[in-house]
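Quick notes on the structure that follows.
The values are calculated or read from the model by the stated rules, or taken from the named source; none is laboratory data. Values in this document were obtained by computation on a predicted structure and should not be read as measured data. Cβ: placed from backbone, ideal geometry, glycine included. Neighbour counts: every protein chain shown. Note: areas computed on protein heavy atoms with side chains; ligands, DNA, RNA excluded. Shrake-Rupley method; radii C 1.70, N 1.55, O 1.52, S 1.80 Å.
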Amino acid sequence: MSRIVECVPNFSEGRRREVVDELVQTIGSVPGVTLLGHEMDADHNRSVLTFAGEPEPVVEAAVRVAKRASELIDLRQHRGEHPRMGATDVIPFVPVEGVTLDDCAELARIAGKRIGDELQIPVFLYEAAASRPERKNLADVRRGEFEGLCEAIGADAARAPDFGPYRIHPSAGATAVGARKFLVAFNANLTTGDVRVAKAIAKSIREQSGGLKNVRALGFSIEGGRRAQVSMNLVDTEATPIHRVLSVIRDEAARYGAAVSGCEIVGLVPEYALLDAAEHALQLEAFRRDQVLELRLKQPPLSESATVSSFFDSVAAGTATPGGGTVAAFAGALATCLAAMVANLTIGKKKYAQHEAEMKRIKQDSERLRRELLALARADGEAFEAVLDAGRLPQASPGEIDARERAMTAAGLEAARVPLRTAEACTQVIELATQAAKLGNHNAVTDAGVAGLLAQAAGEGALWNVQINLKSLPEGADKQGVESDLHRLAAALRRASEDCRTAVTSTLNAS
């Protein structure tokens, strides 16, 4: 399984294109690293570069680009709206695939030590890599900026760096290195040039001041004072979506006689965050993400064309889907293949000519059930995603709370019904395996037995998923109906499994 880390260093240079190009080239020169994008902002005098790859080359690229920045950027000459303390101001490592936040914190420590030792730049660890609680928040680490740290480092024990010399680098300053989850850098530009309005809005929305959770915000003047900007880091857009933040900003701006003239996203943004915003803006009801053409055209996590290896990687990844329900359906589909194999090993054999028609039926039904179970594997993941989407709906008013509860109930009901269908299909697979064991090629009887055992495990796993999803459903006729089907299928699954085991044992003993 691949291990992918994203790194998003911020540099205190947003006006000299040739300098930023040098930084881009430095990252691109490291084998195994892919540059995903770069942004420059002249008002902030800041640039953001995004790259990704396996952990080791990503750390190497981060250290190399920090070295190049220290040669090209002089903080003593730097002026810009954005707070800064270093030429390479901040280096966050972000888990993407096959790595955890703790893994990224260790990468931050490795990179931080190298920057401190090799470049003689003081390094402060922050966020998930922070060495002490008061350094978790980047704003606290950067307090006083370059000028303030010139006096504090070496004089104030509380401002001692985690790595590197106990003195500020004369031109490159200091660097914050950390690990965090994915965030969205989002800016809202205002129709007013009064920066006091932007600062007041920023204060009202940022979590630290009692505003929205997962929002960090500052107010700046941009375009030579012609407009003001609310600049934000949204650290959890699933819990606090972009559209909700923008709605509050609009309301706050209106209090000051201003409006939002436009918005910016700096760097990359996850697909779901934009789809959330689109669903809200268009007031879509019962919308499924796979209705987006490009998403439907992408290879799904599980399809007849997907490789076994890629599916295994998807299951092992640190994501909620594909999960146990998908795997159960996949196992059931695999069991159908064994039942079909036994049929194919029997069809055309003179010894079993009297059962030819039955074997052809088993083959045909196995192929039908395989398609059905693969579809259920996809449906299980989609059903769980719908539960997550419902959980993200706003709860700012009684009406929104009621709509969210209805959506959660509908999504939870479907999340319970899909594994019910999986269990029912698996019961049918066991029945096919039983017939294959009784009437099929005796040399393949254990293959029929494995089909039955695999389908049994798949069916029982699916029913466990039904049980856990039932817990979130409110009492009512729908829940009672699912519970009734659950008990009925559990009994049918047990009977079918016992019959299959008896048939396999009988054929083995007779052979």
Open item on the list: Just to check your reading of the model, which residue among Leu190, Leu138, Leu125 is on the phi < 0 side of the Ramachandran plot and open to solvent by 10 Å² or more (accessible area, probe 1.4 Å)?
Closed with: Leu138
Task: Where a residue in the range 482-503 is surrounded by 15 or more Cβ atoms within 10 Å (Cβ to Cβ) and its partner, wherever it lies, is small (Gly, Ala, Ser), with Cβ under 6 Å and at least six apart - done: Val482/Ala416; Leu489/Ala423; Leu493/Gly459; Cys500/Ala433; Cys500/Gly452; Ala503/Ala437
Open item on the list: If Pro95 satisfies all but one of (1) open to solvent by 30 Å² or more (accessible area, probe 1.4 Å); (2) farther than 16 Å from Val8 by Cβ; (3) in contact with a Leu (Cβ under 9 Å, 6 or more places away or on another chain); (4) not acidic (Asp, Glu), what's the number of the condition it fails?
Closed with: (2)
Task: Unmet requirement for Arg167, which otherwise passes all of (1) closer than 30 Å to Arg250 by Cα; (2) at pLDDT below 95; (3) open to solvent by 10 Å² or more (accessible area, probe 1.4 Å) - done: (1)
Task: All helices (runs of 4 or more DSSP H) inside the range 37-147 with 3 or more residues being touching a Pro at 6+ places or on another chain (Cβ under 8 Å) and touching a residue at least 24 places away in the same chain (Cβ under 8 Å) - done: 55-72, 101-119
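So in the range 273-299, with the set limited to residues that are assigned to a helix (DSSP H, G or I) and charged (D, E, K, R), which one is surrounded by the most Cβ atoms within 10 Å (Cβ to Cβ)?
Taking the range 273-299 as the starting set, the residues that turn out to be assigned to a helix (DSSP H, G or I) are 273-282, 289-291, 293-297.
This time we only want the ones that are charged (D, E, K, R), so: 276, 279, 289-290, 294, 296.
On the way: Asp276: 20, Glu279: 18, Arg289: 15, Asp290: 13, Glu294: 7, Arg296: 11.
The qualifying residue surrounded by the most Cβ atoms within 10 Å (Cβ to Cβ) is Asp276.
Going by the structure shown, is Val90 open to solvent by less than 20 Å² (accessible area, probe 1.4 Å), farther than 29 Å from Asn189 by Cα and modelled with pLDDT of 95 or more? Working first, answer last.
Numbers: open to solvent by less than 20 Å² (accessible area, probe 1.4 Å): yes; farther than 29 Å from Asn189 by Cα: no; modelled with pLDDT of 95 or more: yes.
Spelling it out, it is not the case that Val90 is open to solvent by less than 20 Å² (accessible area, probe 1.4 Å), farther than 29 Å from Asn189 by Cα and modelled with pLDDT of 95 or more.
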TODO: Check off (1) over 26 Å from Phe124 (Cα atoms); (2) of a type outside the set (Lys, Arg); (3) at pLDDT below 95; (4) touching a Gly at 6+ places or on another chain (Cβ under 8 Å) for Ala185 and give me the number that stays unchecked.
DONE: (1)
Open item on the list: Here's a check for you: in the range 25-43, which residue that is closer than 16 Å to Glu60 by Cβ and surrounded by 17 or more Cβ atoms within 10 Å (Cβ to Cβ) is farthest from the chain's Cα centre (by Cα)?
Closed with: Thr26
TODO: Have a look at Val59, Val20 and point out the one that is of a type in the set (Val, Ile, Thr), farther than 22 Å from Pro161 by Cα and surrounded by 19 or more Cβ atoms within 10 Å (Cβ to Cβ).
DONE: Val20
Open item on the list: Could you list, ordered by first residue, the pairs with Cβ atoms under 7 Å in which the first is in the range 255-272 and farther than 14 Å from Arg227 by Cα and open to solvent by less than 60 Å² (accessible area, probe 1.4 Å) and the second is among the hydrophobic types (A, V, I, L, M, F, W, C) and assigned to a loop (DSSP other than H, G, I, E, B), at least 6 apart or interchain?
Closed with: Gly267/Val8; Pro270/Phe182
Task: Filtered residue count, the range 233-244, keeping only those that are touching a helix residue (DSSP H, G or I) at 6+ places or on another chain (Cβ under 7 Å) and without any contact (Cβ under 8 Å) to a residue 60 or more places away in the chain - done: 4
Open item on the list: Just the residues that are in a helix (DSSP H, G or I) and either among the β-branched types (Val, Ile, Thr) or open to solvent by less than 40 Å² (accessible area, probe 1.4 Å) (or both), please, taken from the range 466-478.
Closed with: Val466, Ile468, Asn469, Leu470
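Can you confirm whether Asn10 is at positive phi, in contact (Cβ under 8 Å) with a residue 24 or more places away in the chain and surrounded by 17 or more Cβ atoms within 10 Å (Cβ to Cβ)?
no
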Open item on the list: Between Ser221, Ser231, which is under 17 Å from Gly267 (Cβ atoms) and open to solvent by 10 Å² or more (accessible area, probe 1.4 Å)?
Closed with: Ser231
